[in-house]
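Each remark here refers to the structure printed beneath this line.
The values are calculated or read from the model by the stated rules, or taken from the named source; none is laboratory data. Predicted model, so just to flag it, every value in this text is computed and none were measured. Cβ atoms come from the backbone with ideal geometry, glycine included; neighbour counts cover every protein chain shown. With ligands, DNA and RNA removed, areas are computed over all heavy atoms of the protein, side chains included. Shrake-Rupley method; radii C 1.70, N 1.55, O 1.52, S 1.80 Å.
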Amino acid sequence: IDSTKKLSFTRCIRDGDLVIVYERYDNMKAITVCDGSVLENRFGVFKHSDWVGKQFGSKVFSNKGGFVYLLAPTPELWTLVLSHRTQILYIADISFVIMFLEIVPGCLVLESGTGSGSLTTSLARAVAPKGHVYTFDFHEQRAVSAREDFEKTGLSNLVTVGVRDIQGEGFPDELSGMADSVFLDLPQPWLAIPSAGKMLKQDGILCSFSPCIEQVERTSETMRSSFTDIRTFEILLRTYEVREGKLDDFQGDEAGSLGSLPRKRRQRSNEGSNVQESTGPPTVMARPCSEAKGHTGYLTFARLKCLS
Ligand code: SAM
């Protein structure tokens, strides 16, 4: 993950690089290239030495002619392949958090808990190359594993992981008044809100993630004394399955609803012969995907009240 913000995707893979081995959209894993090692999967045996010198994005072949793609690690892909030590934030929530916390290069961001470091990885890229993320978890082993991951992903110069009970002790006093934004993913976030307020610069923004609305109510109530612009969002992803065909093939069907097409006709509409018989311009039909994910949690944002 390129903390210098230069595009690394075009450079060639070297021994020791972290690559994302892509089999399918739902089957990827992170591997560190090591000359002399092999990857064995259902497609055969892949020699790492064959990968060295190839560009990121290349298709590489096994001894049996099977293939995988070697992708450059990005925070988006890392979130999909990291080892889950806790529940994690996914990219729909993460991108929303970064936008609404107004995180830009150079920002100083505080986070607790670190968890599996899914959000932290994206925060680090957002503040690079000169900003910094201080992330805290009271679970020592999680902090150690997170540090190891940031070494692996090349982000350790942008992230400091501390072991600390943020609900009990608050953030360290040395960081008072220095943070552009603070993010909380804690079981009782209201306990950390007074400290978060102390850490923020004037106009700084706080965000708290909670899975249930009772926690949101308590968090918002606590925020009211020293924060303003309190807003809660729920991000719901709706993925669509998209098919292309001619409008005639779908006539008589409910607008936009591929799902109501008879199965046979739906299949035929994807075949060249059927499509060619039809007149009218090509069109794209979509229906909600059965694998679409639902509720993850609520994101509550608030801005520190001005002193004057
Ligand atoms: N946002 C993280 C991610 O995307 O990977 C996941 C955070 S996880 C759900 C919550 C973390 O908060 C856990 O790792 C837990 O150990 C930590 N935690 C719980 N109570 C804490 C406290 N009082 N102080 C610091 N960390 C705490």
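Before we move on, is T121 of a type in the set (S, T, Y), within 11 Å of the chain's Cα centre (by Cα) and near the ligand (Cβ under 9 Å from one of its atoms)? Step through it out loud before you land on a result.
Details: of a type in the set (S, T, Y): yes; within 11 Å of the chain's Cα centre (by Cα): yes; near the ligand (Cβ under 9 Å from one of its atoms): yes.
The answer is yes for T121.
Would you mention how many residues in the range 150-169 are near the ligand (Cβ under 10 Å from one of its atoms), within 29 Å of P129 (Cβ to Cβ) and not hydrophobic (A, V, I, L, M, F, W, C)? Walk me through it before giving the result.
The first filter runs over the range 150-169 and keeps only residues near the ligand (Cβ under 10 Å from one of its atoms), leaving 162-169.
Checking which are within 29 Å of P129 (Cβ to Cβ) leaves us with 162-164, 166.
From what is left, the residues that are not hydrophobic (A, V, I, L, M, F, W, C) are 162, 164.
The total comes to 2.
Table: residues versus (1) more than 19 Å from the chain's Cα centre (by Cα); (2) surrounded by 19 or more Cβ atoms within 10 Å (Cβ to Cβ).
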| site | (1), (2) |
| --- | --- |
| V38 | yes, no |
| G44 | yes, no |
| G53 | yes, no |
| F67 | yes, no |
| L71 | no, no |
| V81 | no, no |
| R85 | no, no |
| I98 | no, yes |
| P105 | no, no |
Positions within the range 180-217 being touching a strand residue (DSSP E or B) at 6+ places or on another chain (Cβ under 7 Å) and more than 16 Å from the ligand (Cβ to nearest atom), in sequence order: D180, G197, L200, K201, Q202, D203, G204, I205, I213
Residue check for R24: away from the ligand (no atom under 13 Å from the Cβ) and free of Cβ contacts under 8 Å to residues at least 12 places away in the same chain: yes
Checklist (1) near the ligand (Cβ under 9 Å from one of its atoms); (2) in contact with a strand residue (DSSP E or B) (Cβ under 8 Å, 6 or more places away or on another chain) applied to V133, failing item: (1)
Count of the range 212-247 residues which are open to solvent by 70 Å² or more (accessible area, probe 1.4 Å) and under 23 Å from S95 (Cβ atoms): 9
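Mind checking which residues of the range 137-152 are more than 8 Å from T114 (Cβ to Cβ) and either aromatic (F, W, Y) or open to solvent by less than 10 Å² (accessible area, probe 1.4 Å) (or both)? Break it down stepwise before answering.
Residues of the range 137-152 that are more than 8 Å from T114 (Cβ to Cβ), as a first pass: 138-141, 144-145, 147-152.
Those that are more than 8 Å from T114 (Cβ to Cβ) and either aromatic (F, W, Y) or open to solvent by less than 10 Å² (accessible area, probe 1.4 Å) (or both): F138, F150.
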Matching residues in the range 187-199 - criterion: being crowded, with 24+ Cβ neighbours inside 10 Å and under 15 Å from L108 (Cα atoms): A196, M199
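Go through the range 58-76 and give me each residue that's within 30 Å of L119 (Cα to Cα) and touching a residue at least 12 places away in the same chain (Cβ under 8 Å). Full working, then the answer.
Taking the range 58-76 as the starting set, the residues that turn out to be within 30 Å of L119 (Cα to Cα) are 58-59, 68-76.
Correct list: S58, V68, Y69, L70, L71, A72, P73, T74, P75, E76.
Could you list all residues from the range 220-240 that are touching a Cys at 6+ places or on another chain (Cβ under 7 Å) and among the aromatic types (F, W, Y)? Before the answer, list the steps.
First, the residues of the range 220-240 that are touching a Cys at 6+ places or on another chain (Cβ under 7 Å): 239-240.
Within the range 220-240, just Y240 meets the criteria.
From L155, L184, L110, which residue is surrounded by 23 or more Cβ atoms within 10 Å (Cβ to Cβ), of a type in the set (A, V, I, L, M, F, W, C) and under 25 Å from L18 (Cα atoms)? I'd like the intermediate steps shown before the answer.
On the way: L184 fails: under 25 Å from L18 (Cα atoms); L110 fails: under 25 Å from L18 (Cα atoms).
Result: L155 is the single residue among L155, L184, L110 that is surrounded by 23 or more Cβ atoms within 10 Å (Cβ to Cβ), of a type in the set (A, V, I, L, M, F, W, C) and under 25 Å from L18 (Cα atoms).
Could you check how many residues of the range 122-136 are out of contact with any Cys (no Cβ under 8 Å at 6 or more places or on another chain), open to solvent by less than 10 Å² (accessible area, probe 1.4 Å) and over 10 Å from L89 (Cβ atoms)? Let's see the steps before the verdict.
Step one: filter the range 122-136 for residues out of contact with any Cys (no Cβ under 8 Å at 6 or more places or on another chain), giving 122-125, 128-130, 132-136.
Add one more test, that the residue is open to solvent by less than 10 Å² (accessible area, probe 1.4 Å), and what stays is 122-124, 128, 133, 135.
Still in the list and also over 10 Å from L89 (Cβ atoms): 123-124, 128, 133, 135.
Count: 5.
Could you tell me which of the residues S49, S83 is out of contact with any Lys or Arg (no Cβ under 8 Å at 6 or more places or on another chain) and assigned by TED's automatic domain parsing to the domain that holds R142?
Values: S49 fails: assigned by TED's automatic domain parsing to the domain that holds R142.
Going through S49, S83 in turn, just one is out of contact with any Lys or Arg (no Cβ under 8 Å at 6 or more places or on another chain) and assigned by TED's automatic domain parsing to the domain that holds R142: S83.
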